[in-house]
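Here the structure is laid out as structure tokens; the discussion comes afterwards.
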Amino acid sequence: MKKAHSIYLILLILSGGIVISFDACQTKDPIPVVPNGAVAIAEVNRSKSFFNFSNLATADFEFNLKGEDFGRNVAVKSIELWIGFNNPRVALTTGMTTCGVGVNCAYPNAAYAPLPSRLATPGDRLLRTVETLPATVNITAAQAAQACGIALSSIRSGDTFQVKFVVNTQDGRRFDAFHDGICDETRGQAGDCRVVIRVDTRATIYQPLR
């Protein structure tokens, strides 16, 4: 009887050990939290959506700018605006369509820039840093030309400027590169890597409306 009882205890202990061992195997290490991040959101003013080649001296481009942290409580401290000239140069299709806002629109036959978005060195130059957000950003053709180191008189119709965004957060991080799932040529995505300023004689929509 004692022998049977001893065997029972041994089996019970072993069984408990198996259970404990099994539980230990099922205990997973904490999954790393996805790093907090932030992007820029730019809404272009349709009435100032290009540099008017007919009067470059007074031409300007305007958009509303704010930061977005996807609800992760990552306060945006500032957004840097970097600008490049003709990077790349893309022709518009000859076909014209109605955009639904009472104007005709020419669409690009290719993306204005490859994704993911990266600062180009050399090429992109710091235009300004916006520290009060949200903000209305206005860029004149003269300012864009000066920042890119070119003469205003050298700009031609069909030329493009590209403004890229770099986001700085209150906790000291700097986001200067973005995956194409975060921002692309389509409006209404999570964020914007950049906006393209086209030199033309009429407004052109280079990306679909929201």
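Bear in mind these aren't lab numbers, they're just calculated from the coordinates by the rules spelled out. The shown structure was predicted, so the numbers you read here are calculated from the model rather than taken from an experiment. With ideal geometry, Cβ positions are generated from the backbone for all residues, glycine too; neighbour counts draw on all protein chains shown.
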- Message: If I model a spin label at Gln143 and Asn45 as a point 7 Å from the Cα along the Cα→Cβ vector, what separation in nanometres do I get?
- Response: 1.0
- Which residues does a label at Ala120 reach in the range 141-179, if reach means a backbone N under 17 Å from a point 7 Å past the Cα toward the Cβ? 144-151, 155-156, 158-166, 177-178
- Would you pull out the residues with amide H under 5 Å of Leu127's amide H, same chain only if 5 or more places away, H placed 1.01 Å from N? Leu81, Trp82, Ile83
- Message: Quick one: 3J(HN,Hα) in Hz for the range 39-56, Karplus 6.51/-1.76/1.60 with θ = phi - 60°, rounded, Gly and Pro as x.
- Response: 9, 9, 10, 10, 10, 6, 6, 4, 7, 9, 9, 7, 8, 6, 5, 5, 8, 5
- Using r as the Cβ-Cβ distance of Thr132 and Asn73, and R0 as 22 Å, what FRET efficiency do you calculate, to the nearest 0.05? 0.65
